[in-house]
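Okay, structure first, notes after.
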């Protein structure tokens, strides 16, 4: 059946994509998690819009929309890392990195360290992408998580640089977007980072360990 962007979005929002269907009945729990993140991020944005007149600009709204969509992208990418501990897709693309990475040391690392321990690295990759998705959709600790996502994306850029079916600029574009999220602190645009800075003095002033962390990470 032919697909288009509208049908693809509908299938993703209703857990009827191929990646979702591979999860069996677990897909409904994953779908609930997605909608919880999306609705929570929207509720936070609405609260910021209500409470802070400085947030009521087209720029903040546009940044919020892009950030949430990138979070949705990370969530969708996370799906094919299932089932744990190692999905067939993750196994395949990790093998591709072991032969197509731009540098020999990277190929050796993937071949000798990562591939023999995929039962450890598989869940780590899954959790990393889930954290990226949650952070972007909620606007929480975006600078800190954005740095991690930037490093993660650059690893993919280098790791799949020699794969003829991949366009290196794809990963570079995502890396540049993550870089902008970090530089701009996009969680402060209708995100939880903005709400915490406004409502929690410890975060606003960087006091205490937790306050300091969320102050610099958002």
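The values are calculated or read from the model by the stated rules, or taken from the named source; none is laboratory data. Owing to the predicted nature of the structure, the values given are computational and were not obtained by experimental measurement. Virtual Cβ from ideal backbone geometry, glycine too; neighbours counted across all protein chains shown.
Looking at the range 50-68, which of the residues that are more than 15 Å from the chain's Cα centre (by Cα), part of a helix (DSSP H, G or I) and in contact (Cβ under 8 Å) with a residue 24 or more places away in the chain is nearest to residue 129 (Cα to Cα)?
Once the filter is applied, the top-ranked residue is 63.
Please work out if residue 116 is at pLDDT below 95 and either surrounded by fewer than 17 Cβ atoms within 10 Å (Cβ to Cβ) or under 18 Å from residue 177 (Cα atoms) (or both).
Considered against the rule, which asks whether it is at pLDDT below 95 and either surrounded by fewer than 17 Cβ atoms within 10 Å (Cβ to Cβ) or under 18 Å from residue 177 (Cα atoms) (or both), residue 116 comes out as no.
Go through (1) touching a helix residue (DSSP H, G or I) at 6+ places or on another chain (Cβ under 6 Å); (2) surrounded by 14 or more Cβ atoms within 10 Å (Cβ to Cβ) one by one and return the number of the condition residue 208 breaks.
(2) is the only condition that residue 208 fails.
Before we move on, is residue 47 modelled with pLDDT of 95 or more, surrounded by 11 or more Cβ atoms within 10 Å (Cβ to Cβ) and either more than 22 Å from the chain's Cα centre (by Cα) or outside any helix (DSSP H, G or I) (or both)?
It is true that residue 47 is modelled with pLDDT of 95 or more, surrounded by 11 or more Cβ atoms within 10 Å (Cβ to Cβ) and either more than 22 Å from the chain's Cα centre (by Cα) or outside any helix (DSSP H, G or I) (or both).
Scanning for something at pLDDT 95 or above and at positive phi, does the range 157-168 turn up at least one residue?
The answer is no, given that none of the residues of the range 157-168 is at pLDDT 95 or above and at positive phi.
Go through the range 96-146 and report how many residues are under 21 Å from residue 162 (Cβ atoms) and under 15 Å from the mean Cα position of the chain (by Cα).
1
From the residues in the range 100-133 that are in a helix (DSSP H, G or I) and touching a residue at least 60 places away in the same chain (Cβ under 8 Å), which one is farthest from residue 65 (Cα to Cα)?
100
I'd like the full set of residues that are in a helix (DSSP H, G or I) and either surrounded by 12 or more Cβ atoms within 10 Å (Cβ to Cβ) or at pLDDT 95 or above (or both), limited to the range 11-20.
11, 12, 13, 19, 20 - these are the residues of the range 11-20 that are in a helix (DSSP H, G or I) and either surrounded by 12 or more Cβ atoms within 10 Å (Cβ to Cβ) or at pLDDT 95 or above (or both).
Report yes if residue 175 is in contact with a helix residue (DSSP H, G or I) (Cβ under 7 Å, 6 or more places away or on another chain), closer than 28 Å to residue 48 by Cβ, surrounded by 17 or more Cβ atoms within 10 Å (Cβ to Cβ) and in contact (Cβ under 8 Å) with a residue 60 or more places away in the chain, otherwise no.
Taking the combined requirement at face value, the residue does not satisfy it.
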